[in-house]
1. Please determine, by comparing only the residues of segment 282-300 that are under 17 Å from residue 121 (Cα atoms) and of a type in the set (Val, Ile, Thr), which one is most open to solvent (accessible area, probe 1.4 Å).
2. Taking only segment 249-262 into account, find how many residues are closer than 21 Å to residue 161 by Cα, assigned to a helix (DSSP H, G or I) and open to solvent by 20 Å² or more (accessible area, probe 1.4 Å).
3. For segment 170-193, give me each residue that is near the ligand (Cβ under 8 Å from one of its atoms) and farther than 22 Å from residue 245 by Cβ.
4. Of the residues that sit in segment 144-165 and are more than 16 Å from the chain's Cα centre (by Cα) and modelled with pLDDT of 95 or more, which one is nearest to the ligand (Cβ to nearest atom)?
5. Only residues that are in a helix (DSSP H, G or I), open to solvent by 20 Å² or more (accessible area, probe 1.4 Å) and touching a strand residue (DSSP E or B) at 6+ places or on another chain (Cβ under 8 Å): list them for segment 91-114, please.
6. Does segment 189-200 contain any residue that is in a helix (DSSP H, G or I), among the aliphatic types (A, V, I, L, M), open to solvent by less than 40 Å² (accessible area, probe 1.4 Å) and in contact with a helix residue (DSSP H, G or I) (Cβ under 7 Å, 6 or more places away or on another chain)?
7. If you go through segment 41-63 one residue at a time, do you hit one that is under 25 Å from residue 81 (Cα atoms), of a type in the set (S, T, N, Q), surrounded by 14 or more Cβ atoms within 10 Å (Cβ to Cβ) and under 22 Å from the mean Cα position of the chain (by Cα)?
8. State all residues of segment 19-40 that are polar (S, T, N, Q), surrounded by fewer than 13 Cβ atoms within 10 Å (Cβ to Cβ) and assigned to a loop (DSSP other than H, G, I, E, B); if no residue qualifies, say none.
Amino acid sequence: MTLAIGVDVGGTKVAAGLVDETGRIITKLKRSTPAASPPQTEQAIADVVTELLAGHQVAAIGLGAAGFVDRERATMLFAPNLAWRDEPLKQRVEERLGREVVVENDANASAWAEARFGAARGYRDVMLVAVGTGIGAAIIIGGELYRGRWGIAGEPGHVRVVPDGRLCGCGNRGCWEQYASGNALVAEAREFARRTPVGAMRLLQLGGGVPEGISGPEITRAATEGDPAALRCFQIVGGWLGQGLADLAAILDPACFVIGGGVSEAGELLLDPARAAFERALTGRGHRPFAEIRIAQLGQDAGIVGAADLARRASEAPAPQTTAPSSPSSGPPGSLGSESCIRSTSMANPATNAATAQNAAKPDTDQPAAVAATR
Ligand SMILES: [Zn+2]
C-alpha cells in the first residue's frame, strides 16, 4: 500500500493527512495558519508534514492551497486570504523539507478527490462548485483537471450575472458569488429581517434579536424547521445557483456538478431550488439529458485526499519534458499550444478573426479554427 501526504492550506487552518491509495485518511493533523506571514505559513506546512512522515514510507507530498496556482504548479500567484503574492511555494516548502512537493489549487484538489473517491466517482466530465463565503470551482474534462493556459481556469464566481449589481471583493460589480454564495444567503436573510421583522421572527430569535446577528447556520436551522422566511432565502440563493449552473452547462456540458463548500451542508434545502432553476434555464432542455447535481461526499477532507492523490499520480507519471515554460512555443511538435494562436485571434486583428469565423463555419475543417487560420 503506497501512502501519500495531502495538505489543505486555507486562510485559517492547515490540515494534513496520511492518505492511502483508496482515498482513506489514516492520520490527520491540524494547525492554525499564520496567514499574515508567508515564511511562517510555509514552516507550519513543513511541520505538519514532518510529523506525518515520522515512521511512515511516503511516496509523495501534495499541497492544496487556497489561491491562484500557476500552471507549473510551483508558484502561488495570488491568494485572497493569505499573504502569498507570486510566492515560490513549491521551492520554499521543498527547502524546508528536503523533499519534493506538488502544489495544487485547493478547489482542484477537492474536485479531484470527489471524482476519484466521492460524489462524482465514475464520471469523467465534472465541475465542482464550492459554495462557501464566496464560490470556488474546478473543472475536470475527459478525466483530467483543466487548468487553463496560466493555471487560473475555473473561477465562475466572478462571472458577472447582474450588470451594475452588488459590489464584489474582486472589485467588479454583479459577480455570481454575490448572489449564490453563503454571503448572499446571509445578506438575503438580514435584508428580509430588516424589511419584514414579523415575517423573520424565527430568524431574528436565532440571531439574538438583531438582523446583524443572523448567520449561515441559523438560516439552515430555521429552514430545517420549516421556517418560511429561511426557506425563501434558500429559494433565492438556490435559484441563482441553478441559473449559474445552467450557464456553465452551456459552456462545458459536464455530466455531473458536485456542490461543496459550507453552504452545501444544507443539502436538499439548497439543491432543490438549484435543480429547479437549472432545469428551467438549461438551453435545449427537453432535448438533452440534465446533468447530475450532487452534494459533495468528502466534506472538509476532500482537499487533503485530492492533494495526496494528485501528488501520488505526479510521482508515478513519466518525467515531464524539460522545455522552458516561458518559451513561446513550449508544446511538443504538432501540439496546439503555440502562443501565436492566442495573438492571431485577438480583437486587434479583425482580418484573422474573419478567417477564423469562416473556418469555424466549415463543417469539414478537421483542425481547430484558430490553428487553421494561422497557417
Ligand atoms: Zn467578483
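1. By that ranking, first place goes to 295.
2. 3
3. 171, the sole residue that qualifies.
4. Looking at the filtered set, the residue picked out is 160.
5. Correct list: 97, 106, 110.
6. Scanning segment 189-200, I find at least one residue that is in a helix (DSSP H, G or I), among the aliphatic types (A, V, I, L, M), open to solvent by less than 40 Å² (accessible area, probe 1.4 Å) and in contact with a helix residue (DSSP H, G or I) (Cβ under 7 Å, 6 or more places away or on another chain), so the answer is yes.
7. yes
8. Listed by number, the list holds a single entry, 22.
The values are calculated or read from the model by the stated rules, or taken from the named source; none is laboratory data. None of the values given here were measured: they were computed from a predicted structure. Every residue, glycine as well, gets a Cβ built from its backbone with ideal geometry; the counts of neighbours run over all protein chains shown. Note: accessible area is taken over every heavy atom of the protein model, side chains too, but ligands, DNA and RNA are not part of it. Shrake-Rupley method; radii C 1.70, N 1.55, O 1.52, S 1.80 Å.
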